[in-house]
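The values are calculated or read from the model by the stated rules, or taken from the named source; none is laboratory data. Source: prediction; values computed, not measured. Don't worry about glycine lacking a Cβ; one is built from the backbone with ideal geometry, like all the others, and counts go over all protein chains shown. The accessibility values were calculated without ligands, DNA or RNA, using every heavy atom of the protein model including side chains. Shrake-Rupley method; radii C 1.70, N 1.55, O 1.52, S 1.80 Å.
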Amino acid sequence: MSQTTMFRPEIVRTVALNVGYLLTVLIAACGFHKWRTGVVAERRTASAQDLPVGEDGSRQYRLYGAKTSYDQVREKDVQQIDVPGCVPKQFWLLSRHGARYPGPFEMGALTTRLPTLRELILENVRSGRGRLGRSVVGGLQSWKLQFEPSSDNQLTPGGEKEMKELAQRFKERFPTLLGCDFSSEAYSFRHTDSHRTADSARHFATGLFGSAFKVNLPEPVKDDPVIKFYKTCRKWKEEVDDNDESREERTRFRCGPEMQRVVQNVSTRLGFSEKLLFGLFCQ
């Protein structure tokens, strides 16, 4: 933590949160101290030893990039942050939204293809193919699709839980900043124009204050220039979003030998003699 000059002594603490393309800025006024700032990030590197062992003896990896459950990789330490000689004064969190359902295109594919894929895998098991443990097979046999296509892009129950618990952990770690009752003069939230970010803000507020009804969530700004600035950037639109060449590295990785080995291993474990399709444009 580094010490800086405080320009307005009546402003005591600043706390900020951005949930999912969502920015929440919290200003908590609970005391008068010299102005000090600090940065804390929840981070954890999962090793193979942290992961459960499957029935076949293999480690069950749960790190799926953007699809990884936050609870699998989050920081487990919830002790209060204590840096000798420093007093927490300002907390900003710029965060993505909680876990959500896929978009409408993906939802359509999932609802039509997953039941068929399930039956094909179970047929492989009955034919003695594949390397799935009994608990996995039992889970597949009892599995049913548990969401509706109309839920596309909305927070999942797990996403709601993530945001509540994220707020609760920060409250434990910064009780002098986040332990106050809600006040519109002390706390300020900001989120982008989508259901998932608004819901993330509400559930984060519930985790902090016990209820979101007492929290003032302002109307979002369309194409917010602060937390969704790329929407107003013509250069980004032309050179990245509308430019297929900007995705060249992603395509090369997806079609490369490392990723194709993963696809082959998954296909074999599920009992398929041919490799599952992954990467429509791979040669």
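Of all residues in region 226-283 being in a loop (DSSP other than H, G, I, E, B) and of a type in the set (Lys, Arg), which is surrounded by the fewest Cβ atoms within 10 Å (Cβ to Cβ)?
Just the residues of region 226-283 that are in a loop (DSSP other than H, G, I, E, B), to begin with: 226-228, 233, 242-243, 256, 270-283.
After this cut, where a residue has to be of a type in the set (Lys, Arg) as well, the list is 228, 275.
Details: LYS228: 19, LYS275: 13.
Among those that are in a loop (DSSP other than H, G, I, E, B) and of a type in the set (Lys, Arg), it is LYS275.
Yes or no: ARG196 of a type outside the set (Gly, Ala, Ser) and touching a Phe, Trp or Tyr at 6+ places or on another chain (Cβ under 9 Å)? It would help to see each step written out before you state the result.
Values: of a type outside the set (Gly, Ala, Ser): yes; touching a Phe, Trp or Tyr at 6+ places or on another chain (Cβ under 9 Å): yes.
For ARG196, the condition - of a type outside the set (Gly, Ala, Ser) and touching a Phe, Trp or Tyr at 6+ places or on another chain (Cβ under 9 Å) - is met.
Would it be correct to say that LEU166 is under 27 Å from LYS228 (Cα atoms), hydrophobic (A, V, I, L, M, F, W, C) and open to solvent by 70 Å² or more (accessible area, probe 1.4 Å)? Even if it seems obvious, please write down each step before you answer.
Values: under 27 Å from LYS228 (Cα atoms): yes; hydrophobic (A, V, I, L, M, F, W, C): yes; open to solvent by 70 Å² or more (accessible area, probe 1.4 Å): no.
So LEU166 fails the test.
Being out of contact with any strand residue (DSSP E or B) (no Cβ under 7 Å at 6 or more places or on another chain), more than 29 Å from ASN265 (Cβ to Cβ), assigned to a loop (DSSP other than H, G, I, E, B) and not small (Gly, Ala, Ser) is true for just one of GLU160, GLU165, GLU185. Which residue is that? Can you show your working first?
Numbers: GLU160 fails: assigned to a loop (DSSP other than H, G, I, E, B); GLU165 fails: assigned to a loop (DSSP other than H, G, I, E, B).
So the residue among GLU160, GLU165, GLU185 that is out of contact with any strand residue (DSSP E or B) (no Cβ under 7 Å at 6 or more places or on another chain), more than 29 Å from ASN265 (Cβ to Cβ), assigned to a loop (DSSP other than H, G, I, E, B) and not small (Gly, Ala, Ser) is GLU185.
Which of the residues belonging to region 137-157 are modelled with pLDDT under 90 and part of a helix (DSSP H, G or I)?
Answer for region 137-157, where residues must be modelled with pLDDT under 90 and part of a helix (DSSP H, G or I): PRO149, SER150, SER151.
Can you tell me which residue within region 88-107, out of those that are in contact (Cβ under 8 Å) with a residue 60 or more places away in the chain and surrounded by fewer than 18 Cβ atoms within 10 Å (Cβ to Cβ), is farthest from PHE189 (Cα to Cα)? Walk me through how you get there before you give the answer.
At the first step, the residues of region 88-107 found to be in contact (Cβ under 8 Å) with a residue 60 or more places away in the chain are 88-100.
Now narrow it down to the ones that are surrounded by fewer than 18 Cβ atoms within 10 Å (Cβ to Cβ): 92, 94, 96.
Values: TRP92: 11, LEU94: 11, ARG96: 14 Å.
Once the filter is applied, the top-ranked residue is ARG96.
Going through THR197, THR192 one at a time, which residue ends up being closer than 18 Å to ARG96 by Cβ, part of a helix (DSSP H, G or I), modelled with pLDDT of 90 or more and among the hydroxyl-bearing types (Ser, Thr, Tyr)?
Numbers: THR192 fails: part of a helix (DSSP H, G or I).
That would be THR197, the only listed residue that is closer than 18 Å to ARG96 by Cβ, part of a helix (DSSP H, G or I), modelled with pLDDT of 90 or more and among the hydroxyl-bearing types (Ser, Thr, Tyr).
Quick grid of which residues meet (1) closer than 30 Å to GLY128 by Cα; (2) touching an Asp or Glu at 6+ places or on another chain (Cβ under 6 Å); (3) modelled with pLDDT under 90; (4) of a type in the set (D, E, K, R):
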{"site": "PRO218", "(1), (2), (3), (4)": "no, no, yes, no"}
{"site": "ASP242", "(1), (2), (3), (4)": "no, no, no, yes"}
{"site": "ARG261", "(1), (2), (3), (4)": "yes, no, no, yes"}
{"site": "LEU277", "(1), (2), (3), (4)": "yes, no, yes, no"}
